[in-house]
Amino acid sequence: MRAAYARLWVRIKGSNREPEWLLAELVIPVITLSAYVFLYKMVKAPPEYAGFVIIGGTMMAFWSNVLWNMSAQFYWEKETGTLEAYLVAPISRMAILLGMALGGFVNTTLRAIAVFVAGILIFQVPMAVNEPFTALLIFFLTIGALYALGMMFASLFLLYGREAWHTANLLQEPVQFLSGTYYPTTSQVVPFMVQLLSSLIPLTFGLDGIRKVAILGQGINQVWPNVIALTIFTLILLPLAKKALDFMENLGKKEGRLTLRWQ
Amino acid sequence: MSHLVVARDNRLPHTIETHNVVREFKGHDKPVKALDGVSIYIDEGEIFGLLGPNGAGKTTLIKILTTLLLPTSGAASVGGFDVVKEPHKVRKIISLVSGGETPGYGILSASENLWFFSQLYGLPSSVAKTEIKRLIADLEFEEYAKTRMSKLSTGYRQRLNLARGLLNNPKIFFLDEPTLGLDVLTSRKLRSYIVDWAKKERKGTVLLTTHYMAEADEMCDRVAIIDRGKILACDSPLRLKEKLKENVIMKAEVSSVQADFGFVDEMKGVVGYSQTRSIQTNTTSFKVMVREEKTFTDILSKLERQNLRILSVNRAEPTLEDVYISLVGRGFEEENAS
């Protein structure tokens, strides 16, 4: 736990030491989601759509954090030589990932809240939260599933470095599209195949659930399938991440690529 | 994989032991053997040097012993624990510091980085802070303790790196080219600190890889000379050098960088030679190990026939480089160039 706490501390300390990062992380998401909000306003979409976009943009911050600041972190640690120090230390690799996840979560939550509040205030989005605990439950389950997915990706970065980087790049936009960041994928107009693919991504269930509870005023009676899906994702992904990490570490030791740079 | 011999003749097992360790890597057309049947042992409290040119297999062996790499075959133990089967136990008693590395986070200060690494070894925060203060004072970088790591010079980064390696008070300290790229003064400081740590303070065991002869000579109780994955010799620096006493080692400097030494390979009575060319002074210095002094006289005559001027001639005392030359036939620089 000391290792996890120390890694969390590094993440928080490091991220907040250079305030210009903070500014970029707050302003850029607001600009991106503004474009979608204006678009929906232009086509006279129902006002809830602006709320969908703001929730999508807020949750996307977590997905970006998982992908680039957690999964890809092993790649950076390898390039800077810190990975070697981790691997020689008598610690669980999952503890390091847990620290990264918690640190990333704290940092991103603060930024996400700011983006969310700014979005709600600027675009006057009507909120209808009848069951705040259900909203929080879905939020935390989504975060759990997302970071568990990130831990699994971390094993790819541990071994494949640059190649994994390209894969993550490839995943960024499709996940944004399939999970329905800026529109609901459960809508009738979205083709069945797209809906099927999107159901493989935990973020889809999270976004759908939070939107239903926070914007449409629904409750646990309507979103229980989301709760179950997200719980299953977390329960499957966490042990899978541990297995993948052990497997990749062992493979890296066999192939001699574990601490090999520029690959 | 062969089994480790944990105890022999009622003696305690060696602190580090390898038996016929082989490590192959994928090559373009065929596997490349980085280690070819390496068997060594290191006892508690010893400073053991692994000396060899770039690509000799030094780092590969250190990586296997520090659980970062699996051997293709053979067996190795550290502190009595098998590096393949018990890596977690090995990690509890070791530390690794590599030269030219700056592990840590540039955005954190030197002492913040040290605190972070202390937590990886489970040190209670108060103990860690005392230990960090002591190491920073011992390694003389108090004035940079609060400086961001990204702003430290190479020398101070390596001091920080060494402090990081000593934080967990390792029983076995692995140092991979610890003075790589450092100035003479900093190198000397770090070397003497490591020797003091091992001999006076902690009775720790050190495995050091280097391609600096003087470093191995100055620091190590025993040295293994490794080349192309094979251990060629292993003994104390003194004994290794004594074995050369039957040979004559001569140094000479000739005018021109274009001196051709190809004929030396063909000559009988030559054990080995090395050469260093200086473009600035347009000279070539060479060192040759011969069985009889007359062979050296013949070499000089042949060089004069190339219209070269002999600028200086000296008889030299054997060094570890000469040991290497006697074993391989050429010096480190030629080995690195090839």
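No value in this document is a laboratory result; all are computed from the given coordinates. Everything quoted here is computed from the prediction, not taken from an experiment. Glycine also receives a Cβ, built like all others from the backbone with ideal geometry; neighbour counts cover every protein chain displayed.
Hand me the GluC sites (Glu not before Pro) from the range B:178-283 located in a DSSP loop with no more than 12 other Cβ atoms within 10 Å, in residue order please.
Details: sites: B:Glu201, B:Glu215, B:Glu218, B:Glu242, B:Glu246, B:Glu253, B:Glu266; in loops: B:Glu246.
Those that pass, being in a loop and sparsely packed, are B:Glu246.
Would you tell me the mean number of C-beta atoms belonging to other protein chains that fall within 10 Å of each C-beta in A:83-95, as a whole number? Don't skip to the answer; put the middle values down first.
Working: counts 2, 9, 13, 3, 6, 16, 11, 13, 6, 1, 0, 0, 1.
The mean count of partner-chain Cβ atoms within 10 Å per residue comes to 6.
Going down the table (B:Lys33/B:Lys92; A:Lys254/B:Lys63; B:Lys151/B:Lys189), which pairs top 23 Å between alpha carbons? Please list the in-between numbers first.
Numbers: B:Lys33/B:Lys92 30 Å; A:Lys254/B:Lys63 12 Å; B:Lys151/B:Lys189 21 Å.
Where the Cα-Cα span goes over 23 Å, the pairs concerned are B:Lys33/B:Lys92.
Can you give the convex hull volume of the alpha carbon atoms of chain B per residue, in Å³?
Details: hull volume 58.0 nm³, N = 338.
Normalising the Cα hull of chain B by residue number yields 172 Å³.
What is the set of long-range amide H partners of B:Leu232 at a cut-off below 5 Å, with H atoms built 1.01 Å from backbone N?
Long-range HN contacts for B:Leu232: B:Ile225, B:Ile226, B:Asp227.
On a full-extension model of 0.36 nm per residue, what is the gain between B:Ser255 and B:Asp235, subtracting their alpha-carbon distance, rounded to one decimal in nm? All intermediate terms of the calculation are to be shown ahead of the outcome.
Values: separation 20, 0.36 × 20 = 7.20 nm, distance 3.74 nm.
Full extension from B:Ser255 to B:Asp235 adds 3.5 nm.
Only sites in a loop by DSSP and with at most 16 other Cβ atoms within 10 Å count here; which trypsin sites (Lys or Arg not before Pro) in the range B:240-319 make the cut? Write down the numbers at each step before the final one.
On the way: sites: B:Lys241, B:Lys243, B:Lys245, B:Lys251, B:Lys268, B:Arg277, B:Lys287, B:Arg291, B:Lys294, B:Lys302, B:Arg305, B:Arg309, B:Arg315; in loops: B:Lys243, B:Lys245, B:Lys268, B:Arg291, B:Arg305, B:Arg309.
Answer by residue number: B:Lys243, B:Lys245, B:Lys268, B:Arg291, B:Arg305, B:Arg309.
Going by Cα centres, the range A:88-117 and the range A:147-203 are how many Å apart?
Distance between centres, Cα-based: 20 Å.
In the neighborhood of B:Gly122, defined by Cβ-to-Cβ distances under 14 Å, what is the net charge if each Lys or Arg adds +1 and each Asp or Glu adds -1?
Residues close to B:Gly122 contribute a combined charge of +3.
How tilted is helix B:125-138 with respect to the longest principal axis of chain B? Cα atoms for both, answer in degrees (0 to 90, nearest 10).
Orientation of helix B:125-138: about 30 degrees from the principal axis.
Determine the shielding of peptide A:8-14 by partner chains: average, over its residues, the number of Cβ atoms on other chains within 10 angstrom of each Cβ. Please list the in-between numbers first.
Values: counts 0, 5, 9, 1, 0, 6, 5.
Per residue, the number of nearby Cβ atoms from other chains is 4 on average.
Give me D for the range B:242-337 in µm² s⁻¹, whole number, from Stokes-Einstein with Rh from the Kirkwood sum over alpha-carbon pairs, 20 °C and 1.002 mPa s. Walk me through the numbers on the way to the answer.
On the way: Rh = 13.4 Å.
D = 160 µm²/s.
Which angle from 0 to 90°, rounded to the nearest 10, does the C-alpha axis of helix B:293-304 make with the longest principal axis of chain B?
Its long axis makes an angle of about 70 degrees.
Report for the protein assembly as shown the percent antiparallel among DSSP-assigned beta bridges with both residues inside it, nearest 5.
Details: 43 of 63 bridges.
For the protein assembly as shown, the DSSP antiparallel bridge percentage is about 70.
If you stretched the chain out fully between B:Asn54 and B:Ala316, how much longer would it get, using 0.36 nm times the residue separation minus the C-alpha to C-alpha distance?
Details: separation 262, 0.36 × 262 = 94.32 nm, distance 2.52 nm.
Full extension of this stretch gives 91.8 nm more.
For the pairs A:Lys78/A:Lys242; B:Lys268/B:Lys294; B:Lys58/B:Lys171; B:Lys203/B:Lys245, flag any whose C-alpha to C-alpha distance is greater than 22 Å.
Numbers: A:Lys78/A:Lys242 19 Å; B:Lys268/B:Lys294 11 Å; B:Lys58/B:Lys171 20 Å; B:Lys203/B:Lys245 33 Å.
Checking Cα-Cα distances, B:Lys203/B:Lys245 exceed 22 Å.
Apply 1/(1 + (r/R0)^6) to the Cβ-Cβ distance of A:Leu240 and B:Glu293, taking R0 = 60 Å, and write down the FRET efficiency to the nearest 0.05. Can you show the working numbers first?
Values: r = 72 Å, r/R0 = 1.20.
Efficiency, from the Cβ-Cβ distance: 0.25.
Work out how far the C-alpha atoms of the protein assembly as shown reach from end to end along every principal axis, then list the three figures in whole Å, largest first.
Here the Cα extents, ordered largest to smallest, are 102, 61, 51 Å.
Can you list the lysines whose alpha carbon sits under 30 Å from that of A:Lys41, skipping same-chain ones fewer than 8 residues off?
Hits, sequence-local ones excluded: A:Lys212.
About its Cα centre, how strong a charge dipole does chain B have in debye, to the nearest 20, once Lys and Arg get +1 and Asp and Glu get -1 at the Cβ?
Computed charge dipole of chain B: roughly 760 debye.
Other chains near B:165-172: what is the mean number of their Cβ atoms within 10 Å of each residue's Cβ? If you can, show how the numbers build up before the last one.
Values: counts 2, 0, 0, 2, 0, 1, 0, 0.
Going residue by residue through B:165-172 and averaging, the value is 1.
Which log10 I(q)/I(0) values does chain A give at q = 0.08, 0.09, 0.13 Å⁻¹ under the Debye formula, counting every alpha carbon as one identical point scatterer?
-0.33, -0.42, -0.86
Show which aspartates and glutamates lie in cross-link reach of B:Lys26 when reach means a straight Cα distance below 14 angstrom and same-chain residues fewer than eight apart are skipped.
Answer for B:Lys26, where 14 Å is the Cα cut-off: A:Glu255, listed by chain and number.
Once the Cα atoms of helix A:202-214 and of chain A are each reduced to a long axis, what angle between those two axes, in degrees from 0 to 90 to the nearest 10, is obtained?
Roughly 30 degrees between the two axes.
In a shell of Cβ-Cβ distance under 12 Å around A:Ile55, excluding A:Ile55 itself, what net charge do Lys and Arg (+1) and Asp and Glu (-1) give?
On the way: positive: A:Arg211, A:Lys212; negative: A:Glu48, A:Asp208.
Counting the neighbours of A:Ile55, the net charge comes to 0.
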